[in-house]
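Any read-out appearing in this document is the output of simple, stated calculations on the displayed coordinates, not a laboratory observation. Everything numeric in this text was worked out from a predicted model, so none of it was measured. Don't worry about glycine lacking a Cβ; one is built from the backbone with ideal geometry, like all the others, and counts go over all protein chains shown.
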Amino acid sequence: MATILDGRKVSKEIEKEIKAEVLSCDKNGYRPPHLVAVLVGEDGASKTYVTAKMKACEEVGFKSSMIRYDDTVTEEEILAEVDRLNDDDGVDGYIVQLPLPKHISVEKIIDRIDTAKDVDGFTPANFGKIDQEHHSLLPATPMGIIELLKRYDIETKGKHCVVVGKSHIVGMPMSILLAGPGDATVTLCHIHTKNLEEHTQIADIIVVAVGKPGLITGDMVKDGAVIIDVGTTRVPDSSKKSGFALKGDVDFATVEPKASYITPVPGGVGPMTIASLIMNTMIAYKKRMNF
Ligand code: NAP
């Protein structure tokens, strides 16, 4: 039976540590860190994620603000908002929640974000430094996964890690973090990978970030593998009040018996992503305040 990598528990520990730092700043007469989220449109999942991020800010004593636009907003208006946030000395970090409507170029928006306030770690300048040992403002999800592994004393050095999915926000930076500072041997798989199971079957650690429920099944993993499931797909479920359930990319029922450690969905990677955003905001704040 696998040990559950409890992202909820670990994220609470991290929040407690950050809260203590915020209290100490307050005692010394400094303002709290301030995180802003820009939310465009009415996408249910995006609203849920941003609300959870704002709630975590409140819990640690940060100031948080949400700026909302409807999905008819123009690219110029969002770029103007980004410029305002860049210039606002009272803002330590901000995120533009993705996805954005198709008429807005994500690249243009991300390129314009001040790298010092880029708490999602998506700007080219921050992304380009991912493999540096002590770089801060790492992309939140891969950063959260590394932190989770560390807190469970799971070594990556010398391990064979297979990352499935190569998105800019999860799979690609994850593979760089594991191969760079993590000193692992990394295979990065994606939609064009042939015979995916031949790669996953020899992995010590599998990180899957695809968005296809049940993609990784028990026959695709070796005994004792560490399984990190990033996938969060909403599937209809009439037994839930919300009308949907969150499903990971891993078929938990067949994989868990073979794994040594495994993240649940929900309650694994999701809370760690939020904890990383909080950690990044604290880092950006300290730099801004010259602490
Ligand atoms: P994405 O941008 O859609 O990327 C998915 C990746 O999976 C792509 O690289 C794609 O390959 C690859 N892929 C698609 N089908 C595949 C298959 N059958 N076999 C192997 N690779 C395949 O998604 P994302 O933003 O990385 O998110 C992935 C999942 O993680 C989603 O469910 C998302 O909701 C979730 N997520 C969760 C968190 C969290 O905090 N828990 C954070 C971010 C994302 P190509 O590039 O070649 O098309």
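When the Gaussian network model of the chain links Cα atoms closer than 10 Å, the mean-square fluctuations of 249, 89, 71 top out at 89. A Förster distance of 30 Å, applied to the separation of the beta-carbon atoms of residue 4 and residue 26, puts the FRET efficiency at 0.30.
Using the Cα centre of the chain as origin and beta-carbon charges of +1 (Lys, Arg) and -1 (Asp, Glu), tell me which of 32, 97, 199 is placed farthest towards the positive end of the dipole. Most positive-ward Cα: 32.
Taking 0.36 nm per residue of sequence separation and subtracting the Cα-Cα distance, how much length would be gained by fully extending the chain between residue 52 and residue 74, in nm to one decimal?
Gain in length upon complete extension: 5.3 nm.
Just how large is the dipole of the chain about the Cα centre, in debye to the nearest 20, putting +1 at every Lys and Arg Cβ and -1 at every Asp and Glu Cβ?
Result for the chain is approximately 560 debye, rounded to the nearest 20.
Distance between the pseudo-spin-label points of residue 83 and residue 191 (7 Å out from Cα toward the beta carbon): 3.6 nm. The long axis of helix 44-60 is offset from the longest Cα principal axis of the chain by roughly 70 degrees. For the chain, the spread of Cα positions along the three principal axes, ordered from largest to smallest, is 53, 42, 38 Å.
Spherically averaged projected area of the convex hull of Cα atoms, region 141-245: 7.6 nm². Counting only alpha carbon atoms, the long axis of helix 75-87 and the longest principal axis of the chain meet at about 70°.
Considering only DSSP states other than H, G, I, E and B, which chymotrypsin sites (Phe, Trp or Tyr not before Pro) in region 101-205 qualify as loop sites with at most 16 other Cβ atoms within 10 Å?
152
If exposed GluC sites (Glu not before Pro) are those in a DSSP loop with at most 14 other Cβ within 10 Å, what is the longest stretch of the chain that has none? Counting at most 14 other Cβ atoms within 10 Å as exposed, the longest clean stretch of the chain is 156-291.
Only the Cβ atoms of Lys and Arg (+1) and of Asp and Glu (-1) were treated as charged; on that basis the dipole of region 39-148 about its Cα centre amounts to roughly 280 debye.
Determine the dipole magnitude for region 1-47: charges of +1 sit on the beta-carbon of Lys and Arg, -1 on that of Asp and Glu, nothing else is charged, the reference point is the Cα centre, and the result goes in debye to the nearest 20.
In debye, rounded to 20, region 1-47 gives about 160.
In order along region 218-229, the phi-based Karplus estimate (6.51 cos²θ - 1.76 cosθ + 1.60, θ = phi - 60°) of 3J(HN,Hα) comes to x, 6, 9, 10, 8, 4, x, 5, 9, 10, 10, 9 Hz; Gly and Pro are listed as x.
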